[in-house]
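The values are calculated or read from the model by the stated rules, or taken from the named source; none is laboratory data. Everything numeric in this text was worked out from a predicted model, so none of it was measured. Note that each Cβ is placed from the backbone with ideal geometry, even for glycine, and that neighbours are counted across all protein chains shown.
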Amino acid sequence: MIKITFPDNSVREFESGVNGLDIAESINPRLKSEVLSIGVNGEIWDLTRAIETDATIQLYKWDDKEGKHAFWHTSAHLMAEALQALYPNMKFGIGPAIENGFYYDVDPGEGVTLKDADLAAIEQKIKELASKKCEVVRKNITKEDALAYFSAKGDEYKTELINDLQDGTITLYTQGDFTDLCRGPHLPNTGYLKAVKLTSIAGAYWRGDEKRRQLTRIYGITFPKQKMLEEYLLLLEEAKKRDHRKLGRELELFTFSQNVGPGLPLWLPKGTDLRMRLESFLKKVQKEYGYKQVITPHIGQKELYVTSGHFAKYGADSFRPITTPQEGEVFMLKPMNCPHHCEIYKFKPHSYKDLPLRMAEFGTVYRYEQSGELHGLTRVRGFTQDDAHIFCRPDQLKAEFIDVIDIILYIFKTLDFKNYEAQISLRDPENREKYIGSDENWEKAESAIIEACAEKGLKTVVELGEAAFYGPKLDFMVRDALGRRWQLGTIQVDYNLPERFDLEYVGADNQKHRPVMIHRAPFGSMERFVAVLIEHTAGKFPLWLTPTQAMVLPISEKFNEYAENLLKVLNNSDIRAEIDLRNEKIGRKIRDAEMQKVPYMLIVGEKEMENGEISVRRQGEGDKGSMKIATFAEIIKAETDKELA
RNA sequence: GCCGAUGUAGCUCAGGGGUAGAGCGUUUCCUUGGUAAGGAAGAGGUCAUGGGUUCAAUUCCCAUCAUUGGCUCCA
């Protein structure tokens, strides 16, 4: 008998050799059909694998990522089996489970190309194989045997993988006619898969190396219930509806022009209004925190970036330099604002009493992005950072960090991002020589970040080795209304630039000292942030931010004059209102305003004109009844005050 | 940059070797209305661009550009 400890610390005895399925069944027969994988002493196991010693276990179902992982991993293998059946010369790379489903990288052989149109047939084959409920069998073999098996099969990718494995024993999983090299875990059989959808097909380099052969990657997702697939497809549809590129066009926020160039957004009046409102919002917050606005040009001498080190690191991947016709001076489009800000710092000598110096600029920068990488507003070649650089003494680092975190959290709160986390990127302790700056400074900076996060009660993940070469950083990730993750703001400590630009301040000891720089951008870039905001809100921006707060809708042309006077009154009360004077019926005007996601519709007809009132309709909610204009103005003010509190 | 897909009216899309269609939008007219689409008529396209095959190309082929799903990269 062995002792099995459950997550609630209760202990029960089982026969040695018991497996996850048995344990689940002993708790509740229904659980047996729901459980997908089992954690055994912290390792994730197949449900059918025998447990022979005392163990602490945890059963994983669909709602656990460990459960989903096994489900999708088995799905990847089943897809491979289907591919093997349909394409005899298919060779297999790797096929893992991912956040939403799984993929398999395959090499279909010379002269064979897989196309989107082929997916349906593969999908059909997977369903057919799933219905056979083949058992998935785990087997340990030696490395030699594994090599022999896969080289006989001609799977050169698998043999390469095996050669890189260090273990003496290798695990194989077999279901039906397909055997794969795999660490597992897997489902007990393929019958768990009730719904299958292959989502896309794409090229992917073998082992992520662009110098190596490009394989065909097939993405798919599977579910234990048909209904779950339908829900997933609905979610995809919802995501499509919220796509900022689509809403950006429909709400007339921004556009792109082939004539201007790829990755260079054109902000339309409404988008500009929205963006400028975000900018003034942040400017106001920054002013309270002691930032000073500066303005610097869009280009700078090449030497500036040689000094900063950016030219050496990124020069080859930048827009080509610009030269003047007469003098042959060489300029670069500004890829970063910090070198310019360093020069502003050097405008005059600084005393330790001047620090911290907080320099903010909505600085537009230009970076060459590979053509395949451009995407709407989230990935562009010209964008505006809500940049600032804090020049401070090392002992001020923590306090400054806390202030920046406060600004970022205030922004998240105001813009209704309730779900966020932060990633602390530290040095790789194994490779300290990769980083610039003294050990002492790094330790100070890293602990300043960690302590600042702890004081703010931030949910953080620590990543070793993810720091930039010039300093540790803190990145903020938000989850939007659909649960998708976006990286937004960033705070980075920099020891490099003060060094390179020879920045100094005179300390209390009358000696020269090196300041520390903090780069920070709460939004990241205005383009990216607006894109995320569009998708998060589905275009229904908060009242304080939305370009048009209210639309005046006269019932018929007879009331146009009253409506136009009303518009003046509203605009004089700082309410951003527009008017719909089209020769359309009121139902139509309402529909269009609803679709433009204007928060308030103000309907005026005979009744309203007589009483000097307006009939108020809230977008997405409907009729709110009649009221005086002053009352409405108060409602608007109260709502925006609440949003900005 | 690499692999796959796509490119037809402002938008969403259908079509197809014999030089083009729908819905929405837009314009004009009729209608003057009460909380999510009133009616009629009209305008609008070198079918992304450049080559090739063909008697004939928007359609087939090639290239380029752009968009797009991934990969790689990201100060």
Filter result (away from RNA strand B (no atom under 11 Å from the Cβ) and under 12 Å from A:Y420 (Cβ atoms)) within the stretch A:475-505: A:F476, A:M477, A:V478, A:R479, A:D480, A:R485, A:W486, A:L488, A:G489
Of all residues making up the stretch A:576-594, the number that are within 9 Å of RNA strand B (Cβ to nearest atom) and either touching a residue at least 24 places away in the same chain (Cβ under 8 Å) or buried (at least 21 other Cβ atoms within 10 Å of the Cβ) (or both): 6
Selection from the stretch A:81-109 of residues that are away from RNA strand B (no atom under 13 Å from the Cβ) and modelled with pLDDT under 85: A:P88, A:N89, A:G109
Hey, A:S438 polar (S, T, N, Q) and within 13 Å of RNA strand B (Cβ to nearest atom) or not: no
Which listed residue is among the charged types (D, E, K, R), surrounded by 13 or more Cβ atoms within 10 Å (Cβ to Cβ), farther than 27 Å from A:A120 by Cβ and within 12 Å of RNA strand B (Cβ to nearest atom), from A:R217, A:R249, A:R242: A:R249
Residues that are over 22 Å from A:D623 (Cβ atoms) and either assigned to a loop (DSSP other than H, G, I, E, B) or away from RNA strand B (no atom under 14 Å from the Cβ) (or both), drawn from the stretch A:548-575: A:E564, A:N565, A:K568, A:N571, A:N572, A:S573, A:D574
Selection count where residues are in contact (Cβ under 8 Å) with a residue 12 or more places away in the chain and near RNA strand B (Cβ under 9 Å from one of its atoms), scope the stretch A:619-645: 3
Which listed residue is among the charged types (D, E, K, R) and touching a strand residue (DSSP E or B) at 6+ places or on another chain (Cβ under 6 Å), from A:R520, A:R528: A:R520
Filtered residue count, the stretch A:272-289, keeping only those that are of a type outside the set (A, V, I, L, M, F, W, C), in contact (Cβ under 8 Å) with a residue 24 or more places away in the chain and farther than 17 Å from A:L409 by Cα: 3
Single residue of the stretch A:307-349 satisfying the filter (surrounded by 15 or more Cβ atoms within 10 Å (Cβ to Cβ), more than 11 Å from RNA strand B (Cβ to nearest atom) and hydrophobic (A, V, I, L, M, F, W, C)) that is nearest to A:L264 (Cα to Cα): A:F331
So A:A239, is it in contact with a Lys or Arg (Cβ under 8 Å, 6 or more places away or on another chain), more than 25 Å from A:D641 (Cα to Cα) and among the hydrophobic types (A, V, I, L, M, F, W, C): yes
Hits in the stretch A:47-63 (condition: of a type outside the set (V, I, T) and touching a residue at least 12 places away in the same chain (Cβ under 8 Å)): A:L47, A:R49, A:A50, A:E52, A:D54, A:A55, A:Q58, A:L59, A:Y60, A:K61, A:W62
Failed criterion for A:A97 (all others in (1) touching a residue at least 40 places away in the same chain (Cβ under 8 Å); (2) within 22 Å of A:G184 (Cα to Cα); (3) crowded, with 17+ Cβ neighbours inside 10 Å hold): (1)
Matching residues, the stretch A:362-387, being within 14 Å of RNA strand B (Cβ to nearest atom) and in a strand (DSSP E or B): A:G363, A:T364, A:V365, A:Y366, A:H375, A:R379, A:G382, A:F383, A:Q385, A:D386, A:D387
